[in-house]
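Notes for the one structure printed next.
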Amino acid sequence: QWYGKVEATNALTAYDGAGITFIVVPSVIGETTALALDELKDAGYEAANITTATAATNAAISVTAAARTAGSTTATLTATGAGAAFPVGTKITVASLADTGAPLNGTYTVTANATNTVSFVSSASTVLALTGLSAGTVVGVAGTIKSQTVAAGTASVLSTATISITPYATAS
């Protein structure tokens, strides 16, 4: 996929769009704030039109189940509201899982989500089918981007348009 500035090539006047620069919006979800700002500028946004919102609440969510099928490195955690809290592409930290769930403790990028689940690629591929967990939490990685106000892939956006990015706050 290509991001950057493009210009109407068949326009003859400013009224028709000649010389007006458009961009395709990249996804900066999961990137650090500094990298997100750089990527948005590289895509063509003017620095003055990029804002960083106040960091989003980042309360730890209790993990109630964990699963991974045979031969797969994709793990899925069940945690109430996790899908809405952690969009695809966000960086999460899993902590305090014990016993056979302990290998899932670490930092990952969300690859899929649903209402109460998040999935990510883990390094192991052993089968997991853990339910009724009382320990274990998942949080967003502080300082990484949770959301952006203009959807990734949106085309024909003026380079002078505004966009706001929202990072995760320190976990609470």
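The values are calculated or read from the model by the stated rules, or taken from the named source; none is laboratory data. From a predicted model like this one, the values you see are computed outputs, not experimental measurements. So basically every Cβ, Gly included, is an ideal-geometry build from the backbone, and we count neighbours across all protein chains shown. Quick note on the areas: whole protein, heavy atoms, side chains included, nothing else; ligands and nucleic acids left out. Shrake-Rupley method; radii C 1.70, N 1.55, O 1.52, S 1.80 Å.
Residues that are crowded, with 16+ Cβ neighbours inside 10 Å and hydroxyl-bearing (Ser, Thr, Tyr) were ranked within the stretch 73-95; the one that is nearest to Val28 (Cα to Cα) is Thr90.
For the stretch 114-172, the set of residues classified as closer than 25 Å to Pro103 by Cβ, in a loop (DSSP other than H, G, I, E, B), of a type in the set (S, T, N, Q) and open to solvent by 40 Å² or more (accessible area, probe 1.4 Å) consists of Asn116, Ser123, Ser125, Thr126, Thr131, Ser134, listed by residue number. Taking the listed residues Thr51, Thr64, the one that is in contact (Cβ under 8 Å) with a residue 60 or more places away in the chain, over 28 Å from Pro103 (Cβ atoms) and polar (S, T, N, Q) is Thr51, with no other qualifying. Listed by first and then second residue, the pairs with beta-carbon distance under 7 Å, at least 6 apart or on different chains, first residue in the stretch 78-95 and touching a residue at least 24 places away in the same chain (Cβ under 8 Å) and on the phi > 0 side of the Ramachandran plot, second open to solvent by 10 Å² or more (accessible area, probe 1.4 Å) and in a strand (DSSP E or B), are Gly81/Ile61; Gly89/Thr109.
Go through the stretch 28-80 and count every residue that is among the hydrophobic types (A, V, I, L, M, F, W, C), more than 21 Å from Val94 (Cα to Cα) and under 16 Å from the mean Cα position of the chain (by Cα). Residues meeting the conditions: 7.
Looking only at the stretch 41-54, residues that are at pLDDT 95 or above and not in a strand (DSSP E or B) come to 2 in all.
Counting residues in the stretch 68-76 that are assigned to a strand (DSSP E or B) and of a type in the set (Ser, Thr, Tyr) gives one or more. Tallying residues that are open to solvent by less than 40 Å² (accessible area, probe 1.4 Å) and part of a strand (DSSP E or B) within the stretch 96-111 yields 3. Thr80 fulfils the conditions (1) under 25 Å from Ala124 (Cα atoms); (2) in a strand (DSSP E or B) except for a single criterion, (2).
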